[in-house]
Each structure stands twice: as structure tokens, then as C-alpha cells.
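Student: Input: one structure, supplied below.
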Amino acid sequence: MQATIEAVGRKATLPPLGLVTVAAMCPAHWELRLIDETVEPLTDEMIAWTDLVMVSAMEIQSKAVAKVLGRARAMGKRTVIGGPYASSHTEELLGQADHVVTGEVEGEFAAIAAALEAGSAPPLYAFTGKPDVTCTPKPRFDLLRLNKYAAMSVQFSRGCPFQCEFCDIIVLYGRKPRTKTPEQLTGELDYLLELGWRGEVFLVDDNFIGNHVKATALLTHMYGWQRQHDFPMSFYTEASVNLSSRPDLIEAMVQANFQYVFLGIETPSGASLQETKKFQNTQGSMVDSVHALLRGGLWVMGGFIVGFDADEADIFDRQFEFVEAAAIPWAMVGMLQALRHTALSDRLRKEGRLYANGKSSTGDNLSLPNFRTTMSRKTMVTGYCNLIERLYAPKAYFARVMRSMELWRTRPAQKPPKMTLGFQVKGVLGGLWHLGCVSSYRGEFWKSLVQLLLRYWREPAKIHQGFSALVAGLHMISYAKSLVQLYRNAVIVDDPEPVMAAQAT
């Protein structure tokens, strides 16, 4: 959402929750400073000030990681890296950082800190346990430049009970969801409130309803917290499609002022869902499931994937037809990646289909698959470009936003986030200028905006989310265009790399 974020006066969508959580585990006598490179540059002066540079990252940030670690070590500073990238690329990072930490560090970090102070820390700390997250400390939100973010983030649970072949969440965090207590979570919200945050909060759980009993208990507690504080925040999260079959859970989310939810829909192909073991998406019509959520009060975003073995040449048309029928404006479509240590990666290695220098993906699901697909790469790239182009043609995008608004049944309990007046003014003026004055599709934007205001002026939550969705078109439309241009200008070869020899695991 970078183009949209910048237009409305912010620097980043979300803060680095992992880093501020680890910061809370550091000894009290350590002086800490946090740099989020999305918000501000890491300067040589900052590196010179510090004794220890601690880095967290995801795989897609690998180049930036190498640069940061290289700069710090060149200036004689000790370096530590942790997070999901370190957990999946340990061997490569052992040569780049002084210390690599893999796994979750609750209950372990005090010993790491003491060893770092004593100069006796080993190059590698590898933790395989799944700690009790009720012991996770309150994140150091005070280290963040709050006014640079569009939303804050908190975590309630880790892990997911399902077994999707391509997913590394169950590898990193396990299939038994572990949850914080409701009081623990609202304590974090209290801290954000104390620091002056008013606005959206993302519950980063990869499947918020992985333990639906605990999720329901949390929502009841959150509703009481919201009433006590006059609903200062709105929420969104990620969940599995089977949420649609739990009207009680949907209602509890709505009452706690959840506005929308991200679903891992992946594909309308039943054969592909079976192939990837996403069985929870095969129980009935997913279009009906999306509509059930919209009627229940939750606006829907969706993630989609092409490139499964069972995908045929018509999958791109089927994906487009599904997104249109379901009325999902923010349809994030990527090509399948075999992430390291996943069941998919293991299977493809056994079959001798992983590319030799593609042992893992780039971490970017908009890049080409890192394995030999059953569909030719030329067919996939052509179909993918056509799909993205159709989905994010301005007229199609804005029409889909308006259809989603028509289907979404907001409830009186749902209120727009109480953002500061300055942020609201920047957001509205920035959106109106960039889309309503500068863009080449300003006519479609104004037409949709006028319809939104005339139809839903009595529904503040819908006005807020509808305007946000329209303004998001600034990023969606431009990014889709640049992606299509990139691939259409590239030379696509069906077998660009040798594959790895088949290996048993």
C-alpha cells in the first residue's frame, strides 16, 4: 500500500511488532533505540552510537539485511539477527551476523543478553520449543514513532490448526494455537491508548479463529474494553474461511468493532485446494462464504494463488470470475512459492522440481515460482498479467469497491476509528488530490465517491472503509500496472534453471 500510505501522510502500514516485543525482553539497564527503515534511514551516526545491532527480518528483506549487517560489522559493531528469515536461512546468515537466533525467544532472552554482555555468546542459538505466550511481555510501543504508521499491531495467538502444504506458519509456530489472556491483550491496548494511539489496530494472528473458544472469550472482553473507553479503536485480522459458518463468532467480532478480515481463499479450483491440503476451503461455495461474512458485518479482503499443479489454463479466468462474484476489492493474487521447510518444498525436492539456485523463494509471492510448474512459465506469466490487469483496471476496481459496499451490512456497534483530526484531514485531502485531481482515472473515482456519500451517509463505518478502499486504488492500480509492465518486458524461459536432484527427506 506504499503509494496510498504516502499520499495520506504516513510512512508505513504497520510497525515491526517482533522488534518491539524483543525490546521488552531486553535488560532494563540497556538503552534502546529502534530504527524502522520503512520510516527512517539507518545512519552511520546511529550505528556509531550503539554497542549491538539487533536485526529482525522476513525473507523478502534479505538484501536490506545483508546491507545493514555489512555496514554494522564494517564499523566494528556486534550483530544479532532473529525472526522468520533467520529461522529459515540460518546457514547463510551465520556468515553475515555474529550471532543468529532461530525460533521463539520467550524465556530464553535473559540468558542470551547475559552472554552478549559477557562476550561468551555462541554464533548460533536454536530454539525449537513453543513457549507459553502468556509470558510474553508487553511490547515497547513507546520506541515507535506512532504518527508514522497507518495502523498499530498486536498479537493474540501463534500457530494454526490446518495443514496447507505451502504455508510456513505451521512450521515456525506449530499447529496448536497458543494464546495470550484477554487481560494481557487489552493491557497492550491500554498502553497504546496511554501513548495517544487512536485508530486501526491489526491483530496479526495468522488465523485469529484457530482456537475459536479462546477467540470468543477475548472478543467478549474486548467489547467491554471498547465500551469502557468509548470505542477508540477499530480492528482487523486474518482468519480461515470457515469463520463464515460461525455467526456467533462473527457477531462477537462486530460487537468488538472489527471492521474487516483477510481470508486465505487461494483458488476456486477444488482440485488445487485438495492438492495443497487446504481442506477447510472445500466445504461448500466460497463465494457464499464471503457473502455470509459481508452480510454478517465483516468486510472482506482475500489472498489468491496461481501455479498449483492442478491449475489448468482457465484458472486465470476462474480467479477473475470468483473475485468479481465475491466482490473482493483487495484481491492479493500471487504465484505459488515453495518456502523453505514447508511440506510443498519437501515434496518438490523429492520430485526433483526445485530450481537449483531456488532452494527457497525470494519471499515475494509476486515473483515467479521457484520450481518447475506443470503449467509452462510463459503460459503462467501471460495469464497472470492478464488477470492482474483485468482485476485492477480502474473501472473494474472501483465498481468492485461499490459492490462490496452494497453487500456489506454494517452494524450500529461498528464505528470508524477515532483518528486524530490531523490524520483525518491529511488522509482526506491527500486522497482527493492524488485520485480526484492528478490521476488519469479521476472520473471513475469521483463517480464512486459521490455514490458512496449519497447512499451511505448514515453509516459512518461504511463511509470510512469505502473511502479507504477507493483511495487504496492509488496503490493497487499503479502497482498492478508496473508489475504487468515488468513481466511483459521480461524474457520468460520455460526452464531457466537446472532443477535440484530428487532427494529423499
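Student: Mind listing whichever residues of the range 453-476 are touching a residue at least 60 places away in the same chain (Cβ under 8 Å) and aliphatic (A, V, I, L, M)?
Tutor: The answer is ALA461, ALA469, LEU470, VAL471, ALA472, LEU474, MET476.
Student: Continuing with the same structure: For the range 384-438, which residues satisfy the criterion of being touching a Lys or Arg at 6+ places or on another chain (Cβ under 7 Å), assigned to a helix (DSSP H, G or I) and crowded, with 21+ Cβ neighbours inside 10 Å?
Tutor: Matches in the range 384-438: MET405, LEU435.
Student: Go through the range 15-56 and give me each residue that's under 30 Å from SER482 (Cα atoms) and either touching a Phe, Trp or Tyr at 6+ places or on another chain (Cβ under 6 Å) or part of a strand (DSSP E or B) (or both).
Tutor: PRO15, SER56
Student: Right, next: So if I check each of ALA461, ALA472, which one is out of contact with any helix residue (DSSP H, G or I) (no Cβ under 9 Å at 6 or more places or on another chain), in a helix (DSSP H, G or I) and surrounded by 15 or more Cβ atoms within 10 Å (Cβ to Cβ)?
Tutor: Exactly one of ALA461, ALA472 is out of contact with any helix residue (DSSP H, G or I) (no Cβ under 9 Å at 6 or more places or on another chain), in a helix (DSSP H, G or I) and surrounded by 15 or more Cβ atoms within 10 Å (Cβ to Cβ), namely ALA461.
Student: What is the one condition in (1) in contact with a helix residue (DSSP H, G or I) (Cβ under 8 Å, 6 or more places away or on another chain); (2) over 30 Å from VAL306 (Cβ atoms); (3) of a type in the set (D, E, K, R) that LYS418 does not satisfy?
Tutor: (1)
Student: Please enumerate the residues belonging to the range 256-278 that are among the hydrophobic types (A, V, I, L, M, F, W, C) and within 22 Å of the chain's Cα centre (by Cα).
Tutor: ALA256, PHE258, VAL261, PHE262, LEU263, ILE265, LEU273
Student: Of these, ASP314, ASP309, ASP288, which one is under 24 Å from ASN370 (Cα atoms) and surrounded by fewer than 16 Cβ atoms within 10 Å (Cβ to Cβ)?
Tutor: The conditions single out ASP314.
Student: In this structure, is ARG158 touching a residue at least 40 places away in the same chain (Cβ under 8 Å) and touching a strand residue (DSSP E or B) at 6+ places or on another chain (Cβ under 7 Å)?
Tutor: yes
Results for (1) among the small types (Gly, Ala, Ser); (2) in contact with a strand residue (DSSP E or B) (Cβ under 8 Å, 6 or more places away or on another chain); (3) not assigned by TED's automatic domain parsing to the domain that holds ARG353, shown as yes or no for each residue.
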| position | (1), (2), (3) |
| --- | --- |
| THR379 | no, no, no |
| ARG390 | no, no, no |
| PHE398 | no, no, no |
| LYS415 | no, yes, yes |
| GLN424 | no, no, yes |
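Student: Go through the residues of the range 124-138 one by one and say whether even a single one is in contact with a Lys or Arg (Cβ under 8 Å, 6 or more places away or on another chain), among the hydroxyl-bearing types (Ser, Thr, Tyr) and either assigned to a helix (DSSP H, G or I) or surrounded by fewer than 18 Cβ atoms within 10 Å (Cβ to Cβ) (or both).
Tutor: Yes: the range 124-138 contains one or more residues that are in contact with a Lys or Arg (Cβ under 8 Å, 6 or more places away or on another chain), among the hydroxyl-bearing types (Ser, Thr, Tyr) and either assigned to a helix (DSSP H, G or I) or surrounded by fewer than 18 Cβ atoms within 10 Å (Cβ to Cβ) (or both).
Student: Among the helices (runs of 4 or more DSSP H) lying completely within the range 209-292, list those that include at least 1 residues that are within 19 Å of ASP190 (Cα to Cα) and modelled with pLDDT of 95 or more.
Tutor: Of the helices (runs of 4 or more DSSP H) lying wholly inside the range 209-292, those with at least 1 residues that are within 19 Å of ASP190 (Cα to Cα) and modelled with pLDDT of 95 or more span 212-228, 247-255.
The values are calculated or read from the model by the stated rules, or taken from the named source; none is laboratory data. Predicted model, so just to flag it, every value in this text is computed and none were measured. Here Cβ is always computed from backbone atoms with ideal geometry, including for glycine, and neighbour counts include all displayed protein chains.
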